[in-house]
Amino acid sequence: MPLALVLLLAGPIEVLQMLNRTVEVHGAVISSDGARVAWVEQAATPDGPNWEESFIQVQEPRGSTAVHVTAGKTADEGDLAFSPDGSQLAFLSDAEKKHQPQLYVADLRSGQVRQLTHVDGHLQKPLFSPDGRSIAVLFIEGGADLRGPVLPSARLVGVVEEQIKEQRIAVVPIDGSAPLKALSPPDLFVYEYSWRPDGGAFAATAAHGSGDDNWWIAKLYAIEANGAARVVHQPALQICEPAWSPDGKRIAFIEGLMSDHGSNGGDLFVAPADGNAKARNLTPGLRGSVASVRWRDPEKVLVRLVIEGDAAFANVPASGGAPRLVWRGPAYVPNDWSVAADGLNVAMMRSSFAEPPEIVAGPIGAWKPLTQRNAALRSPAGEARSIRWKSDKFDVQGWLLAPPLKPAAKAPMIVVVHGGPAGFVPSIWLDQMLLLASQGYYVFLPNFRGSFGQGEAFTRANVKDFGYGDLRDIQRGIDAVLKEAPVDPQRIGLFGHSYGGYMAMWAVTQTQRFKAVVASAGIANWQSYYGENRIDRWMLPYFGKSVYDDPAVYARSSPIEFIRRVKTPTLVLHGERDAEVPLPQGQEFWHALKTLGVETQFVIYEDEGHRIRKPAHVRDRTQRIVEWFNQHLAR
């Protein structure tokens with residue numbers, strides 16, 4: 001029996017079990033000389049990857065069998081960094097105590113692994129000093145339970161905000177002759193950093209106050225080894241990816257409208273390290289978004305771009321001039337790619353709709369796979385193609401995934417709306433989208449206004465306009481799909497999570513076009529949300545003022561204001577301990593629909609945060625989503 005037919009006949013749980021065989025690989029780093037590549041693999045289970053158990057692989061030299069590096073059995077290990085000469089590998093591991101990572105270093109010549117820290121707190125992002133004699137790391141003393149707003153939030157008890165724990169740059173000698181020592185100011189939360197080439201200072205993005213809530217107002221700092229910090233650049237919007245130039249004279253970074261820490265997009269800026277002149281935008285008017293930054297030499301910056309829904313690499317002259325595209329293609333490349341000293345060879349994880357994740361390395365665009373962990377897997381979806389359409393003054397792009405077999409008649413379609421709003425949908429091996437296509441649905445994935453991939457003007461086009469222009473883009477995208485694919489216009493559903501969950505709630509108040517909707521971690525009421533969530537500063541660049549200063553702009557885009565219009569059957573899903581979109585948002589929407597007699601169901605996943613991670617919950621959520629659409633989109 002053809003594979004496509006086998007997949008089409010399989011139920012959602014059977015397809016999910018097939019997809020659960022995907023081995024998750026990530027965190028690739030390449031040594032300065034390009035001789036070694038290291039990466040992280042999540043432990044595989046029948047229910048999918050175990051996100052609390054991982055191990056490290058090092059391939060040396062190229063073509064040899066990968067070597068397993070570990071601090072102990074059944075540990076969560078990662079955050080890799082090579083020494084300047086490539087002979088040592090720094091990493092974090094909770095082998096000593098679960099959920100309490102410590103810093104380790106492996107001598108790759110002898111195989112010896114040494115533990116460098118014994119601290120109580122949260123560690124991340126180790127980086128060797130340029131001379132290789134010490135390792136810096138980001139450290140929150142006593143903050144082992146602070147895992148960011150996406151994972152289950154710590155319960156608030158007692159006096160709130162009595163003590164704010166700051167993340168600081170700390171350094172430990174490689175020989176273990178001294179304990180970890182915090183260097184950056186104690187009242188400054190550091191988000192990202194890089195060493196100055198002489199090892200005497202750091203470039204950092206940092207802000208005062210709570211770490212989760214203040215990334216959106218972070219500034220670019222230069223922090224000396226003695227702890228003195230000075231502001232190099234105060235951005236108009238958000239900044240990330242600070243990278244010191246090889247000659248120590250300039251700092252490159254990304255600045256733009258970004259809604260989530262870690263979801264990067266904007267223009268490439270360069271600032272003089274002494275702060276005596278203004279930062280310069282090197283990519284004004286770029287029809288794309290810069291997502292990550294690496295210096296290639298003192299006069300050239302290598303950047304990873306998002307162009308529409310594609311991944312791309314380009315060289316940008318540091319003194320000004322047009323970027324030169326090196327490679328572009330339909331693929332997903334995360335921000336943790338790594339480049340060797342020659343500026344040519346890279347190591348990274350790569351995937352697409354048709355290709356499961358693997359580690360690749362080599363010259364950009366000519367890289368070769370280092371792993372074949374998922375070589376036996378085949379996509380359960382059909383063909384994927386890029387769709388383009390016009391909406392207002394914008395050219396908009398999205399993806400259309402077909403079912404594995406060409407339908408005999410017009411088929412139903414599910415629109416999947418991405419989160420953010422400053423995000424995008426790449427060509428990516430992602431369970432949810434592939435699984436829906438496997439069940440006989442076309443899956444439409446629009447990169448509407450507010451997304452990355454078409455420049456800053458496009459990303460900023462939803463400011464003070466949530467729900468309006470972006471829904472028009474989605475609706476016109478559906479019209480474009482109907483002209484190109486055998487989709488039944490009477491059987492269209494919509495699914496979204498986070499901002500996508502908000503758009504699901506919003507859509508049912510604005511149109512009857514969708515016959516069934518699933519809203520996961522959605523925002524029902526921007527006014528109440530402002531006071532409930534723990535990251536409210538992200539809203540100010542979008543709404544212009546706080547809800548207390550301009551409640552009308554928040555009400556204008558709130559689904560709850562238009563709730564009496566809803567007729568569409570709506571499934572509402574939520575994590576119990578979600579800090580980014582707190583549970584009352586889902587409850588408020590569900591309660592209103594139930595009161596108004598609209599078909600609805602509300603499912604809360606115990607001890608889950610903004611991302612649902614426990615295998616039993618993933619299975620339940622998957623089955624409920626598919627069954628909801630099957631029930632309401634059947635002929």
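Things worth noting here:
- The number of residues in region 20-48 being out of contact with any Phe, Trp or Tyr (no Cβ under 8 Å at 6 or more places or on another chain), β-branched (Val, Ile, Thr) and open to solvent by 10 Å² or more (accessible area, probe 1.4 Å) comes to 2.
- Flag for Arg109 being in contact with a Ser or Thr (Cβ under 7 Å, 6 or more places away or on another chain) and among the basic types (Lys, Arg): yes
- Members of region 210-264 found to be polar (S, T, N, Q) and either on the phi > 0 side of the Ramachandran plot or buried (at least 21 other Cβ atoms within 10 Å of the Cβ) (or both), listed by number: Gln238, Ser245, Ser259, Asn264
- Counted as qualifying within region 402-505 are the helices (runs of 4 or more DSSP H) with 3 or more residues that are within 23 Å of Ser352 (Cβ to Cβ), namely 431-438, 469-484.
- Test: residue in region 605-619 that is open to solvent by 50 Å² or more (accessible area, probe 1.4 Å), modelled with pLDDT of 95 or more and over 18 Å from Gly496 (Cβ atoms): yes
- Test: residue in region 580-588 that is part of a loop (DSSP other than H, G, I, E, B), open to solvent by less than 70 Å² (accessible area, probe 1.4 Å) and in contact (Cβ under 8 Å) with a residue 60 or more places away in the chain: yes
- Count - residues of region 50-89 that are open to solvent by 20 Å² or more (accessible area, probe 1.4 Å), closer than 26 Å to Pro615 by Cβ and part of a loop (DSSP other than H, G, I, E, B): 6
- Matching residues, region 405-428, being among the small types (Gly, Ala, Ser) and under 12 Å from the mean Cα position of the chain (by Cα): Gly419, Gly420, Ala422, Gly423
- Scanning region 589-598 for residues that are in a helix (DSSP H, G or I) and open to solvent by 20 Å² or more (accessible area, probe 1.4 Å) turns up Trp590, His591, Lys594, Thr595.
- Every listed requirement among (1) under 22 Å from Arg621 (Cβ atoms); (2) out of contact with any strand residue (DSSP E or B) (no Cβ under 9 Å at 6 or more places or on another chain); (3) open to solvent by less than 10 Å² (accessible area, probe 1.4 Å) is met by Gly420 save one, (3).
- Residue tally, condition at pLDDT 95 or above, surrounded by fewer than 20 Cβ atoms within 10 Å (Cβ to Cβ) and among the aliphatic types (A, V, I, L, M), over region 128-167: 0
- Boolean, Gln601 is assigned to a strand (DSSP E or B) and under 20 Å from Gly493 (Cβ atoms): yes
- When residues of region 101-119 are limited to those that are outside any strand (DSSP E or B) and polar (S, T, N, Q), the one surrounded by the fewest Cβ atoms within 10 Å (Cβ to Cβ): Ser110
- Tabulated pairs, region 535-556, first within 15 Å of Gly467 (Cβ to Cβ), second exposed (fewer than 14 other Cβ atoms within 10 Å of the Cβ) and small (Gly, Ala, Ser), C-beta under 9 angstrom, 6+ apart or interchain: Val553/Gly544
- Remark: pairs (first residue in region 195-219, over 21 Å from Val137 (Cβ atoms); second residue modelled with pLDDT of 95 or more and among the small types (Gly, Ala, Ser); Cβ separation under 6 Å; 6+ apart in sequence or on different chains) = Ile217/Ala207.
- Test for Arg556: is it out of contact with any Lys or Arg (no Cβ under 7 Å at 6 or more places or on another chain) and closer than 30 Å to Arg21 by Cα: no
- Test: residue in region 470-477 that is under 22 Å from Gly256 (Cα atoms), open to solvent by 10 Å² or more (accessible area, probe 1.4 Å) and not β-branched (Val, Ile, Thr): no
- Of all residues in region 267-299, those satisfying the criterion of being assigned to a strand (DSSP E or B) and among the hydroxyl-bearing types (Ser, Thr, Tyr) are Ser289, Ser292.
- Residue, farthest from Pro298 (Cα to Cα), within region 320-336, restricted to residues that are without any contact (Cβ under 8 Å) to a residue 24 or more places away in the chain and of a type in the set (D, E, K, R): Arg328
- Filter result (over 15 Å from Gly227 (Cβ atoms), under 28 Å from the mean Cα position of the chain (by Cα) and of a type in the set (Ser, Thr, Tyr)) within region 167-210: Tyr191, Ser194, Thr205, Ser210
- Residue within region 613-628 that is among the polar types (S, T, N, Q) and part of a helix (DSSP H, G or I) present: yes
- Residues of region 442-463 that are more than 19 Å from Leu540 (Cα to Cα) and open to solvent by 10 Å² or more (accessible area, probe 1.4 Å): Tyr442, Gln454.
- Of the criteria (1) farther than 20 Å from Val626 by Cα; (2) buried (at least 16 other Cβ atoms within 10 Å of the Cβ); (3) polar (S, T, N, Q); (4) touching a Phe, Trp or Tyr at 6+ places or on another chain (Cβ under 9 Å), which one Thr570 fails: (1)
- Whether a residue is of a type in the set (D, E, K, R), open to solvent by 10 Å² or more (accessible area, probe 1.4 Å) and touching a helix residue (DSSP H, G or I) at 6+ places or on another chain (Cβ under 7 Å) was assessed, and Asp297 does not pass this test.
- Elements of type strands (runs of 3 or more DSSP E) contained in region 300-383, each with 2 or more residues being small (Gly, Ala, Ser), open to solvent by less than 40 Å² (accessible area, probe 1.4 Å) and out of contact with any strand residue (DSSP E or B) (no Cβ under 7 Å at 6 or more places or on another chain): none
- Only residues that are open to solvent by 10 Å² or more (accessible area, probe 1.4 Å), farther than 15 Å from Asp578 by Cα and assigned to a loop (DSSP other than H, G, I, E, B) were counted across region 506-546, and they come to 8.
The values are calculated or read from the model by the stated rules, or taken from the named source; none is laboratory data. As the structure is a prediction and not an experimental result, all values here were calculated from the model. So basically every Cβ, Gly included, is an ideal-geometry build from the backbone, and we count neighbours across all protein chains shown. These area figures cover heavy atoms from the full protein model, side chains too; ligands, DNA and RNA do not enter into them. Shrake-Rupley method; radii C 1.70, N 1.55, O 1.52, S 1.80 Å.
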